[in-house]
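The values are calculated or read from the model by the stated rules, or taken from the named source; none is laboratory data. Note that the structure is predicted; figures quoted are calculated from it, not measured. Neighbour counts run over all protein chains shown; Cβ positions are idealised from the backbone, glycine included. Accessible surface areas use protein heavy atoms only, side chains included; no ligands, DNA or RNA. Shrake-Rupley method; radii C 1.70, N 1.55, O 1.52, S 1.80 Å.
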Amino acid sequence: MFRLDEKIWFWTLLVIPAIGVVFLILQIWKLRVQKKFADKKLLQKLAPNQSLFKGLLKLVVLSGAFACLSLALVNPKIGTKMETVRSQGVDIVFAVDVSKSMLAEDIAPNRLEKAKQLVTQIVNNLASDRIGIIAYAGNAFPQLPITTDYASAKMFLQNMNTDMLSSQGTAIHEAIELSKTYYDNEEQTNRILIIISDGEDHENEAVDAAEDAAESGIKIFTIGVGDTKGGPIPIKRNGVVLNYKKDNNGETVITKLDEAVLKEIAEKANGTYINGRNTGDVVATIKDILEKTDKTEFESKQIADFKDQFQWFLALGILLIFVDVFLLERKTAWLKKLNLFNENL
């Protein structure tokens, strides 16, 4: 396991293409000046040791030196052992709606992508809380069990799409029921379920499920994505809209954000409804909620004892700089014998 301390220093790698451009300009300028001074045969007699290969070699060595120094500034670290750490946090389960209605583009870029953005930004602001992810449409599916591995959570989240569940619909009640299996501590009182959806629950059982969840100590916070005015559901191929979803009568289906259902679900489970249009407001609200929530202590395995590795790149970079300094641009005896680039002709 490794990590990078100062990723911003990767920008210094832009020096390398700049060096290449300067080298190319310099070679073109030298060629033009030489042509004005004398013809090719005369130049070979006047400067028989001139070598294009040595110039390119110096360019490669200097570029390698800058690459190594940039990596040294980034400071890669390698974790050398696993250790058990005790942390305090909240168990948070995200239930993300992946029904076809989430493809509506009444909120940019579409409802599902907006839902992913919201969860990602919430996770980015967590510290030691444990998280889990549920995907649901016509039924619910466990996407990621409770974990502190935020990187894996975001990876699973980005892979979620409306084709992952064959059964269509918006069975919020199934997501609520499934979330109960995520909380592994019976004495835990800080159980939080965050539902991200457009609220189109066609099963009408979500409110009852929310009441049952409240009795189990689960607080439900709902985030609505979409617009109350609604929008059509595009049918795309290779990113191009071919048509819009239609009902049995051939009319274009207009899907709307149902805030009333989401508000009632949150109210029944001692939570709050949040409109998901403004990402910053959503993140701030959830952060405030979590700060006021009692924390539970739990154990987790983490990579520890990260050791600096910058010294290896620094040493190699300095070595390459010395090689570049002592590397002459004129030909050496063994290069003359190799006759690279037909330079002796």
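Below is a table of values for the structure above.
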quantity: Cα gyration tensor category, rounded, prolate or oblate, for the stretch 145-238 with a/c compared to 1.5; calculated: oblate
quantity: Most to least accessible of Asp281, Asp129 (protein chains only, probe 1.4 Å); calculated: Asp281, Asp129
quantity: Accessible area per residue, Å², the stretch 119-272 with all protein chains present, probe 1.4 Å; calculated: 49
quantity: Summed side-chain charge close to Gln117 - residues other than Gln117 whose Cβ falls under 12 Å, Lys, Arg +1, Asp, Glu -1; calculated: +4
quantity: Ser216 accessible area, 1.4 Å probe, all protein chains in place, Å² to nearest 10; calculated: 50
quantity: Isotropic mean projected area of the C-alpha convex hull, the stretch 212-307 (nm²); calculated: 12.5
quantity: Residue-level accessible surface for Phe66, protein heavy atoms, 1.4 Å, Å²; calculated: 80
quantity: Accessible-area ranking of Asp163, Asp106, largest first, probe 1.4 Å; calculated: Asp163, Asp106
